[in-house]
Amino acid sequence: MLNVGKIEEGFVLDHIEAGKSLSIYHHLQLDKLDCTVAIIKNARSNKMGKKDILKVECDIDTLDLDVLAFIDHNITVNVIKDGEIVDKKELVLPKEIKNIIKCRNPRCITSIEQELPHIFVLADEEKEVYRCKYCEEKASDSTTPW
Amino acid sequence: MRHLMNPLDFTVEELDKLFDLADDIATNPTKYTHACEGKKLATCFYEPSTRTRLSFEAAMLNLGGQILGFSDAGSSSASKGESVSDTIRIISCYADICAMRHPKEGAPMVAATRSGIPVINAGDGGHQHPTQTLTDLMTIRALKGRLGNFTIGLCGDLKFGRTVHSLINALVRYPNIRFLFISPPELRVPDYITDMLTEQGVSYSEVIRLEDCMPELDLLYMTRVQRERFFNEEDYVRLKDFYILNRDKMSLAKDDMLVLHPLPRVNEISVEVDDDPRAVYFKQAKYGVYVRMALILTLLEIDI
């Protein structure tokens with residue numbers, strides 16, 4: 001069993017579906033931050049069998065966690081201060097996501113104008129449906145990730 | 001500053017006001033002949049269109065304004081690789097309002113976000129064609145005297161037809177409308193539309209034979225099966241003549257039923273129907289000019 005130590009301030013993202021931690025690492029742009037990050041893959045989990053965990057030691061206002069809810073709203077977000085969990089954040093589907101997924105509609109303007117941000121808007125909260133802001137194509141599981 | 005991207009951008013009350021203005025223009029055209037003097041409309045058409053472009057140009061000329069623009073992407077800077085965002089910034093320096101048609105869906109919306117002048121979506125791929133919907137609503141209101149309390153049959157290509165989808169979305173906001181969707185199974189209306197109707201408690205039925213529902217209809221909206229929407233020529237050939245409205249079918253309809261069509265018609269309405277007083281698709285084109293005149297005045301915030 002591998003042991004990764006506590007962090008003093010930051011986040012512990014728990015219950016990440018096994019194998020998804022690296023994608024979340026990139027979506028949260030952790031590669032651009034100068035802070036300690038622990039990526040734990042395939043940790044044993046009673047609930048999930050296997051899971052990934054991310055520990056990020058940073059100021060708690062640094063990260064935009066909206067994107068997490070879009071990727072997987074079952075992720076547990078523990079906020080850590082002075083080495084203790086001080087808050088558990090509930091993930092809420094963001095109203096809009098930018099450059100997280102690409103529109104796959106070949107007739108969409110984003111297919112020819114390269115500099116345009118790929119923006120998806122939450123069209124149906126209950127059914128968790130996002131649509132491209134420009135062409136209204138529905139985002140699906142096969143939508144190209146960024 | 002406002003733009004028009006989608007027919008639902010205007011509330012029902014705002015549409016009423018727009019149609020009142022269009023009615024007044026139709027009744028008193030001379031009152032508006034100098035309304036846009038000194039103003040210029042840019043028609044930026046990245047794909048060919050006859051009716052829509054000429055209708056916009058006629059609308060601006062009727063208002064005493066001037067027009068400039070291009071009628072295909074080949075004669076614009078798009079052929080040199082210029083983005084829509086850059087083009088509209090330039091057009092904003094030359095004109096006061098812009099009507100844009102583009103084969104890529106969402107292009108007019110991109111233009112609107114970068115533009116210094118109002119932008120009207122004059123059709124973006126298979127996505128939206130709001131001024132056609134305004135024309136359809138205006139025609140129904142003018143000739144039926146109401147928007148609501150009727151049974152409308154939509155016939156032909158209900159799968160790919162953007163005018164049909166836009167019209168349904170616009171009509172559900174009015175009371176007591178029943179939809180009859182008449183199409184071959186391959187071209188039936190998409191599920192997201194029937195789901196929306198069910199969710200909103202709007203009554204609809206799907207039928208295959210036009211003859212079966214003709215007597216029930218107050219309005220019949222015919223559409224063309226569009227070759228450009230098919231990947232397979234064989235499917236197009238098989239489905240293109242599925243519905244042909246002729247005199248025999250018209251004899252089954254009510255005396256005050258109206259036939260609309262966004263045009264161009266190929267052969268889905270036999271020419272023998274043209275002289276029937278219930279065939280109003282050519283009048284529709286005239287209402288299209290009045291509604292575009294009203295739209296230009298509204299977006300330019302010109303009061304007469």
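Taking the average, over residues, of other Cβ atoms within 10 Å as the packing measure, peptides B:122-129, B:258-265 rank B:122-129, B:258-265 from highest down. Model label sites at B:Glu37 and B:Asn169, defined 7 Å from Cα along the beta-carbon direction, differ in position by 3.9 nm.
What is region B:34-113's relative contact order, in percent, from Cα pairs under 8 angstrom and six or more apart in sequence? Could the numbers behind the result be given before it?
Details: 117 pairs, mean separation 32.4, N = 80.
Result for region B:34-113 is 41 percent.
Listed values for region B:96-103 are Karplus-derived 3J(HN,Hα) couplings in whole Hz (6.51 cos²θ - 1.76 cosθ + 1.60, θ = phi - 60°), namely 9, 7, 9, 10, 10, 10, 8, x, and x replaces Gly and Pro.
DSSP bridge analysis restricted to the protein assembly as shown gives an antiparallel fraction near 50%, rounded to the nearest 5.
Under 15 Å of direct C-alpha separation, and excluding same-chain neighbours fewer than eight residues apart, A:Lys102 reaches these aspartates and glutamates: A:Glu113, A:Glu115, A:Glu136, A:Glu137, A:Asp141, B:Glu105. What the Cβ-Cβ distance of B:Arg278 and B:Val237 gives, at R0 = 35 Å and to the nearest 0.05, is a FRET efficiency of 0.70. Helix B:281-299 and the longest principal axis of the C-alpha atoms of chain B enclose an angle of approximately 40°. A Förster distance of 56 Å, applied to the separation of the beta-carbon atoms of A:Asp82 and B:Thr113, puts the FRET efficiency at 0.80. Between B:Asp16 and A:His26, the modelled labels are 5.3 nm apart [label points 7 Å from Cα along Cα→Cβ].
Suppose every Lys and Arg Cβ carries +1 and every Asp and Glu Cβ carries -1, with no other charges. What dipole size does chain B come out with about its Cα centre, to the nearest 20 debye?
Working: 34 positive and 42 negative charges, 116 e Å.
Around 560 debye, computed over chain B.
Over region B:131-284, calculate the relative contact order: mean separation of alpha carbon pairs under 8 Å at least 6 apart, over the residue count, as a percent. Please report the intermediate quantities before stating the final value.
Values: 248 pairs, mean separation 37.1, N = 154.
Contact order relative to length: 24 percent.
Using only the Cα atoms of chain B, build the gyration tensor, take square roots of its eigenvalues as a ≥ b ≥ c, and label the shape rounded, prolate or oblate: rounded if a/c is under 1.5, else prolate if a/b is larger than b/c, else oblate.
Working: a/c = 1.83, a/b = 1.43, b/c = 1.28.
Taking the square roots of the gyration eigenvalues as a ≥ b ≥ c, chain B is prolate.
Candidate cross-link partners of A:Lys88 among the aspartates and glutamates, defined by an alpha-carbon separation under 17 Å and a same-chain spacing of 8 or more, comprise A:Glu8, A:Glu9, A:Asp14, A:Glu57, A:Asp59, A:Asp61, A:Asp64, A:Asp66, A:Asp72.
Please return the longest stretch of chain B lacking exposed loop sites, where GluC sites (Glu not before Pro) count only if DSSP places them in a loop and at most 11 other Cβ atoms lie within 10 Å. Answer - B:38-300.
For region A:102-131, applying the loop criterion from DSSP together with a ceiling of 13 other beta carbons within 10 Å to the GluC sites (Glu not before Pro) yields A:Glu115, A:Glu125, A:Glu126, A:Glu128.
With R₀ fixed at 51 Å, the C-beta to C-beta distance from B:Leu61 to B:Ser270 puts the FRET efficiency at about 0.90.
Neighbours of B:Ile117 by Cβ distance under 14 Å: Lys/Arg scored +1, Asp/Glu scored -1, total +3. What the phi angles of region B:129-143 give under the Karplus curve with 6.51, -1.76 and 1.60, with θ = phi - 60°, is a coupling list of 8, x, 6, 5, 5, 4, 4, 4, 5, 4, 5, 4, 5, 5, 8 Hz, glycine and proline written as x.
Placing +1 on the Cβ of every Lys and Arg and -1 on the Cβ of every Asp and Glu, with nothing else charged, gives region B:99-250 a dipole about its Cα centre of roughly 600 debye. Could you list, in their original order, any pairs among B:Lys104/B:Lys249; B:Lys40/B:Lys144; B:Lys104/B:Lys254; A:Lys20/A:Lys138; A:Lys133/B:Lys144 whose Cα atoms are separated by more than 29 Å? In this structure, B:Lys104/B:Lys249; B:Lys40/B:Lys144; B:Lys104/B:Lys254; A:Lys133/B:Lys144 lie more than 29 Å apart at Cα.
What length, rounded to one decimal in nm, is gained on full extension from B:Thr27 through to B:Arg178, with 0.36 nm per residue of separation minus their alpha-carbon distance?
Numbers: separation 151, 0.36 × 151 = 54.36 nm, distance 3.11 nm.
Using 0.36 nm per residue and subtracting the Cα-Cα distance, I get 51.3 nm.
Rounded to the nearest 20, the size of the Cβ-charge dipole of the protein assembly as shown about its Cα centre is 660 debye, with Lys and Arg at +1 and Asp and Glu at -1. Think of chain B as a dipole: +1 on every Lys or Arg Cβ, -1 on every Asp or Glu Cβ, centred on the Cα centre; then among B:His34, B:Pro130, B:Thr11, B:His34 lies furthest on the positive end.
Throughout, read-outs are computed from the coordinates displayed, never taken from laboratory work. Please read all numbers here as calculations on a predicted model, not as lab measurements. So basically every Cβ, Gly included, is an ideal-geometry build from the backbone, and we count neighbours across all protein chains shown.
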